[in-house]
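Notes for the one structure printed next.
The values are calculated or read from the model by the stated rules, or taken from the named source; none is laboratory data. Not measured: the values here are computed from a predicted model. Every residue, glycine among them, receives a Cβ derived from its backbone with ideal geometry; neighbour counts consider all protein chains shown. With ligands, DNA and RNA removed, areas are computed over all heavy atoms of the protein, side chains included. Shrake-Rupley method; radii C 1.70, N 1.55, O 1.52, S 1.80 Å.
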Amino acid sequence: MSIERNKDVVRRFIDAVNEQDLDALDELAAPELAQRFKEGVIPWLNSTCPGHHMEITEMTAEEDRVVARLASSGGHAGEWRGIRPTGKQWTNTGVYFLRLTGGKVVELVSLFDELNHALFLGATLVPPA
């Protein structure tokens with residue numbers, strides 16, 4: 001697969017998550033990853049982060065690897081990392097590291113700015129005694 005084709009698959013994968021297009025996830029991701037998103041990630045986002053949306057702000061690729069810098073937003077309607085629902089609308093930044101094989105996402109690792117997210121939702125830091 002070409003680098004541009006891999007980047008296109010990642011764009012379509014992000015769109016499928018945003019649109020909760022489960023059929024597209026089957027087309028764009030390996031079966032195990034598609035199931036993880038369909039049975040875990042998307043239902044969790046719906047209950048915890050209503051209106052969740054990701055936008056790709058930057059993307060780079062080399063061979064079978066794609067890195068997508070993301071801006072995400074949503075609401076806070078479910079407990080997250082021990083923080084009770086606040087009803088706040090939030091924005092956050094993160095990165096997806098993806099590996100593709102045969103035109104499908106086969107591996108995905110995500111990193112998001114959880115510290116600032118927790119602080120925005122009202123968490124406080126307590127230094128060790």
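Using a simple spin-label model with pseudo-atoms 7 Å out from Cα toward Cβ, Glu107 and Glu79 lie 3.4 nm apart. About the centre of its Cα atoms, the chain shows a dipole size close to 400 debye [charges on the beta carbon of Lys, Arg (+1) and Asp, Glu (-1) only; nearest 20 debye]. Given a 1.4 Å probe, how much area per residue of the chain is accessible, in Å²? Heavy-atom SASA per residue in the chain reads 58 Å².
Within the same chain, lysines fewer than 8 places from Lys104 are excluded, and of the rest, those with a Cα less than 20 Å from its Cα are Lys7, Lys38. In the chain, a dipole from Cβ-located charges (positive for Lys and Arg, negative for Asp and Glu) runs towards its positive end, and of Val9, Met59, Leu100 it is Met59 whose Cα lies farthest in that direction. For a paramagnetic label modelled on Glu55 (point 7 Å from Cα along Cα→Cβ), amide N atoms under 17 Å away belong, within region 1-40, to 11-12, 14-19.
Probe radius 1.4 Å, ligands and nucleic acids ignored: give me the carbon and sulfur share of the accessible area of the chain as a rounded percent. Please report the intermediate quantities before stating the final value.
On the way: 3890 of 7540 Å².
Of the solvent-accessible surface of the chain, carbon and sulfur hold 52 percent.
Here region 1-62 was treated as a single set of alpha-carbon atoms; its pair distances binned every 10 Å from 0 give 21, 49, 26, 3 percent. Taking the C-alpha atoms only, the angle from helix 3-19 to the longest principal axis of the chain is near 40 degrees. Here's the picture: charge each Lys and Arg Cβ at +1 and each Asp and Glu Cβ at -1 in the chain, and of Thr91, Ala34, Ala68 the one pushed furthest to the positive end of that dipole is Thr91.
For the chain, which span is the longest to avoid every loop-located (per DSSP) member of GluC sites (Glu not before Pro) having at most 12 other Cβ atoms inside 10 Å?
Values: sites that count: Glu63, Glu79.
The segment 1-62 is the longest one with no such site.
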